[in-house]
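Worksheet: the structure to be examined is printed underneath.
The values are calculated or read from the model by the stated rules, or taken from the named source; none is laboratory data. Model, not experiment: these values are computed from the prediction. Quick reminder, even Gly has a Cβ in these numbers, built from the backbone with ideal geometry, and neighbours come from all protein chains shown.
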Amino acid sequence: MRKLTALGFVIVCFIAAAARAGDQPNVILFIADDVSWNDYGCYGNEAARTPNIDRLAKNGLRFTEAYLTASSCSPSRSSIVTGRYPHNNGKAAELHLAIDGNLPWFPTLLRDAGYYTAIVGKHHMKSTPGGKHSQDKPFDLVDGGNVPGNRGGHAKWVRTLQERPRDKPFFFWFAAYDAHRGWDGDKDWNTDKYGPMHKPEAVVVPPFLSDDPGTREDLASYYNEVTRFDHYIGAVVTALEEEKLLDNTLIFVLADNGRPFPRAKTRLHDSGMQTALVAHWPEAIRSPGATPKGLVSAIDLAPTILEVAGVKQPETFQGVSMKPIFANSSAKIRNYAFAEHNWHDYEAHGRSIRADGFLYLRNNRPYQAWQGPADSVRSVSHQQLLALRDAKKLSLAQADVFLAPRPVEELYQYRKDPHQLTNVAADPKFADVKKQLKSLLDLWVEETGDSIPKDLSQDSFDRETGDRIRRQESDYRGTTPGEDRGATRINASGPQ
């Protein structure tokens, strides 16, 4: 009898464990490469063709104030995967460098908890050797995602879903190369899949770019990449529907930074730092189609995903879970969103805070222009601005690309001034707001161990041409922000 009782207890435990495993949601993170928040149809761009993302937004949540921690590829992605600010990740605060090996990545924790994990497409993250987590295996599958005729990183997304182990929940980090420059989407375009190419005459030209045929063609090629990214999201969603997995799959769609054009990528302004963020999860989102208006940060993704998966969060996380917003789209999880800009091809050090509709920005390298990364400088869009500059025909918005010295402090009402063209930092009417935000930024710097090293990394490309001027890292790399203060060992989040 005792044996039967024990057997029954084991069976009950097994059934309970299986039920819990079945309750764990699947999670997919779709990450675009260099796409601004307002280049999707659901975010008001009538020229952009993104029907699949728009559909997810209609049936999920479309965040209106979601911000990255860095407008630079690998620092932004590293921040997402660790749930930490760039300077708290060590050398990874700067482009192409590694995350401190003592810091855990959230996919590792999911994998340890029984999830099948895969990264397909752009990776751009690594750990320094010799640390506690240097030998972790965050992903069961690592695949570049490219095939002949498709170099966008998404060719194997559906296959990855279909060939996964069927006895585990899954987490997929699906990261496109769209829309990074070279525009290989034009070369690999498939009209049957993606529809017609975007027409230059239909694109939306931001006020800080030149409205001319060359820039419009540049933007049309960029739009093509955004549409291709959207197509493969749709293909994955269709595959989820066919397997009846969509309802219990949490989907996030976002980008790592703004479009690779002047005054966007590498900027602390919304054109570089704001991200479109769409969340879709039919089983948990209570107000489909809602547009949460509270602030959220990219470092909030890691704690959100672990919480919904029922996985304990490490003490290293600096973000806040967004799960309350799934139940109540009006829920507020943070008061402030902080961001930083460090070396990306050029010497830089900028910090910002957003709160209550205001963006306060501090530039600690004001004597240099903020023209954008080297691939943007080499673009026809930048060269057209150079021609206008030389002809003394730049508008004030366009002239900001070349402005040097820049203001040390900038203050914008970003809800009323979406392109941040009117700096009110010197306006007495906003003196109290500036003082408060300045004080909060100072507190964040102090509590998170941020710093401005004397030997910051230097320019490795020419600011006028985008041509490389230094090839050996030893020629230009310096001390990264926070390194001299041991910021990798600091877990304080600063004001939230």
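Identify, from the list G478, G466, G449, the residue that is of a type outside the set (A, V, I, L, M, F, W, C) and touching a Ser or Thr at 6+ places or on another chain (Cβ under 7 Å). Walk me through it before giving the result.
Working: G466 fails: touching a Ser or Thr at 6+ places or on another chain (Cβ under 7 Å); G449 fails: touching a Ser or Thr at 6+ places or on another chain (Cβ under 7 Å).
On inspection, the qualifying residue turns out to be G478.
Any residue in the range 47-65 that's assigned by TED's automatic domain parsing to the domain that holds L219: show its pairings with residues that are surrounded by fewer than 18 Cβ atoms within 10 Å (Cβ to Cβ) and basic (K, R) at Cβ separation under 8 Å, as long as the two are six or more apart or on different chains.
Here the result reads T64/K293; E65/K293, each pair linking the range 47-65 to a residue that is surrounded by fewer than 18 Cβ atoms within 10 Å (Cβ to Cβ) and basic (K, R).
Within the bounds of the range 354-361, is there any residue that is in a loop (DSSP other than H, G, I, E, B), more than 20 Å from N423 (Cα to Cα) and without any contact (Cβ under 8 Å) to a residue 60 or more places away in the chain? Reasoning before the result, please.
To start, the set of residues in the range 354-361 that are in a loop (DSSP other than H, G, I, E, B) comprises 356-357.
If we keep only those that are more than 20 Å from N423 (Cα to Cα) too, we end up with none.
The answer is no, given that none of the residues of the range 354-361 is in a loop (DSSP other than H, G, I, E, B), more than 20 Å from N423 (Cα to Cα) and without any contact (Cβ under 8 Å) to a residue 60 or more places away in the chain.
Just checking, which of A426, A431, A387 is in a loop (DSSP other than H, G, I, E, B) and not acidic (D, E)?
Of the residues listed, the single one that is in a loop (DSSP other than H, G, I, E, B) and not acidic (D, E) is A426.
Output the qualifying pairs, or none if there are none: Cβ atoms under 8 angstrom, residues six or more apart or on different chains, first residue in the range 274-292 and farther than 30 Å from P260 by Cα, second residue of a type in the set (S, T, Y).
W281/T249; R286/S329; S287/S329
Determine which member of the set L421, L403 is closer than 20 Å to S376 by Cα and either charged (D, E, K, R) or within 28 Å of the chain's Cα centre (by Cα) (or both).
Being closer than 20 Å to S376 by Cα and either charged (D, E, K, R) or within 28 Å of the chain's Cα centre (by Cα) (or both) holds for just one of L421, L403, which is L403.
Kindly evaluate R216 against the criterion of being farther than 23 Å from R159 by Cα and free of Cβ contacts under 8 Å to residues at least 40 places away in the same chain. Steps first, please.
Working: farther than 23 Å from R159 by Cα: yes; free of Cβ contacts under 8 Å to residues at least 40 places away in the same chain: yes.
Answer is yes for this residue.
Restricting the search to the range 403-430, which residues are exposed (fewer than 13 other Cβ atoms within 10 Å of the Cβ) and of a type in the set (G, A, S)?
Those that are exposed (fewer than 13 other Cβ atoms within 10 Å of the Cβ) and of a type in the set (G, A, S): A404, A426.
Taking the range 263-277 on its own, how many of its residues are among the β-branched types (V, I, T) and in a loop (DSSP other than H, G, I, E, B)?
Initial filter on the range 263-277 (among the β-branched types (V, I, T)): 266, 275.
Subset that is in a loop (DSSP other than H, G, I, E, B): 275.
Counting residues in the range 263-277 that are among the β-branched types (V, I, T) and in a loop (DSSP other than H, G, I, E, B) gives 1.
Can A374 be described as out of contact with any Asp or Glu (no Cβ under 9 Å at 6 or more places or on another chain) and among the small types (G, A, S)? Explain how you work it out, then say what you get.
Details: out of contact with any Asp or Glu (no Cβ under 9 Å at 6 or more places or on another chain): no; among the small types (G, A, S): yes.
When the stated conditions are applied, A374 does not pass them.
Considering the range 464-488 alone, what residues qualify as being free of Cβ contacts under 8 Å to residues at least 40 places away in the same chain, surrounded by fewer than 16 Cβ atoms within 10 Å (Cβ to Cβ) and outside any loop (DSSP other than H, G, I, E, B)?
Result: E473, S474, D475, D484.
Identify all residues within the range 452-461 that are surrounded by 15 or more Cβ atoms within 10 Å (Cβ to Cβ), of a type outside the set (G, A, S), in contact (Cβ under 8 Å) with a residue 40 or more places away in the chain and part of a loop (DSSP other than H, G, I, E, B); write none if there are none. If you could, list the steps in order and put the result at the bottom.
Keep residues of the range 452-461 that are surrounded by 15 or more Cβ atoms within 10 Å (Cβ to Cβ), which gives 453, 456-457, 459-461.
Remaining after also requiring of a type outside the set (G, A, S): 453, 456, 459, 461.
Keeping just the survivors that are in contact (Cβ under 8 Å) with a residue 40 or more places away in the chain gives 456, 459, 461.
Listed by number, the residues that qualify are L456, D459.
Would you pick out the residues in the range 57-79 that are under 15 Å from V35 (Cβ atoms) and part of a helix (DSSP H, G or I)?
A57, C73, S76, R77
Please go through the range 278-305 and give me each residue that is under 15 Å from the mean Cα position of the chain (by Cα) and part of a strand (DSSP E or B), ordered by number.
Of everything in the range 278-305, those that are under 15 Å from the mean Cα position of the chain (by Cα) and part of a strand (DSSP E or B) turn out to be V278, A279, V296, S297.
How many residues does the range 122-172 hold that are without any contact (Cβ under 8 Å) to a residue 24 or more places away in the chain and of a type in the set (D, E)?
Total satisfying the criteria: 2.
So which residues in the range 389-425 are of a type in the set (G, A, S) and farther than 20 Å from F261 by Cα? Give the steps one after another, and end with the answer.
Within the range 389-425, the first condition is being of a type in the set (G, A, S), and the residues that meet it are 391, 395, 397, 399, 404, 425.
The answer is A391, A425.
With the condition kept exactly as written, say whether any residue in the range 95-110 is surrounded by fewer than 24 Cβ atoms within 10 Å (Cβ to Cβ), out of contact with any Pro (no Cβ under 9 Å at 6 or more places or on another chain) and β-branched (V, I, T).
no
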